[in-house]
Amino acid sequence: MVITVVLAVVSVVSTAAAIRFSLRGRAATPSEGVPAEVEARPAQISPHFTYNALNTIAELIRSEPAEARELLQDFADFTRYSSRVSGRLTSLAEELQNVDRYLTIAGAVHRGQLGVQLKIAPEVLAVVLPFLILQPLVENAVTHGVRPKPGGGTVRVTAVDAGTEAMVSVEDDGVGMDPTRLADLRDGGRTGLTTVNERMRAAFGPGYALVVETAEGAGTKVTLRFPK
């Protein structure tokens, strides 16, 4: 049985080819009065991820030079965006573009083991949200959901128009987790989720806490709501 807990939501993934799309040129309009707690620190990119990415690119240079060049550009753009030191707000378009870069690189590293599905409603791309709010959830889905699963799995990112709000979910069909562990997340458990939850509540209020659906062997789904 899948248990749903409001606090932060975890996602579900399954195997498929990475989908690339253009989101350039959709900048956010910053709003005033955003609490300082919403500001993201420059991301601490995992050394393990960096090593795997560069090693994969090096292996492809001779056999697939065009793909290697694209991955190297994706890696450069990903690190540049993630290391940005200014700005508390961004657009959903920019966040999704960075997520797409991460998943493209991760897909190359875990070739044949990581599938990606992106389903994005164009009308929500301009929605303003806290900087780097989605990346930790996607990374959790890959690292804690899909990677431990024999044969890998798929990460699915969905963004839909829900009237006065945009609803975004990060889902994986990986190993899932014991629902009783969700209580630990409130006290700082699984990497990234607690911080994202706190930033969402600081930005939009207690009603915008993450929603997590999970069960052992059933993957995880994390859902966020953003006011339009």
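The values are calculated or read from the model by the stated rules, or taken from the named source; none is laboratory data. In this text, all values refer to a predicted model and were calculated from it rather than measured experimentally. Using ideal geometry, Cβ is built from the backbone for each residue, glycine included, and neighbour counts are taken over all protein chains shown. Side chains are part of the model used for accessible areas, which takes the heavy atoms of the whole protein and leaves out ligands, DNA and RNA. Shrake-Rupley method; radii C 1.70, N 1.55, O 1.52, S 1.80 Å.
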(request) Specify the residue that is most open to solvent (accessible area, probe 1.4 Å); the eligible residues are those in the range 105-116 that are assigned to a loop (DSSP other than H, G, I, E, B) and not basic (K, R). (result) Q113
(message) Can you find, within the range 144-157, the residue that is surrounded by the fewest Cβ atoms within 10 Å (Cβ to Cβ) among those that are free of Cβ contacts under 8 Å to residues at least 40 places away in the same chain and farther than 12 Å from A218 by Cα?
(response) P150
(request) For residues that are in a helix (DSSP H, G or I) and open to solvent by 30 Å² or more (accessible area, probe 1.4 Å), tally how many sit in the range 48-64. (result) 11
(request) Would you point out which residue out of G112, G152, G163, G174 is touching a helix residue (DSSP H, G or I) at 6+ places or on another chain (Cβ under 8 Å), among the small types (G, A, S) and on the phi > 0 side of the Ramachandran plot? (result) G152
(request) Would you check which residues across the range 78-104 are outside any helix (DSSP H, G or I) and touching an Asp or Glu at 6+ places or on another chain (Cβ under 6 Å) and list them? (result) R88
(message) Residue pairs, Cβ under 7 Å, 6 or more apart or interchain, first in the range 199-228 and at positive phi, second assigned to a strand (DSSP E or B) and open to solvent by 30 Å² or more (accessible area, probe 1.4 Å). List them.
(response) G219/E171
(request) State whether one or more residues within the range 165-173 are farther than 23 Å from Y208 by Cα, at pLDDT 90 or above, of a type in the set (A, V, I, L, M, F, W, C) and surrounded by 21 or more Cβ atoms within 10 Å (Cβ to Cβ). (result) no
(request) Could you grab me the full set of residues in the range 65-84 that are open to solvent by 50 Å² or more (accessible area, probe 1.4 Å) and at pLDDT below 95? (result) R80, S83, R84
(message) Just checking, does the range 92-104 include any residue being among the small types (G, A, S), at pLDDT 95 or above and open to solvent by less than 10 Å² (accessible area, probe 1.4 Å)?
(response) yes
(request) Would you mind stating whether S82 is touching a Pro at 6+ places or on another chain (Cβ under 9 Å) and touching a residue at least 40 places away in the same chain (Cβ under 8 Å)? (result) yes
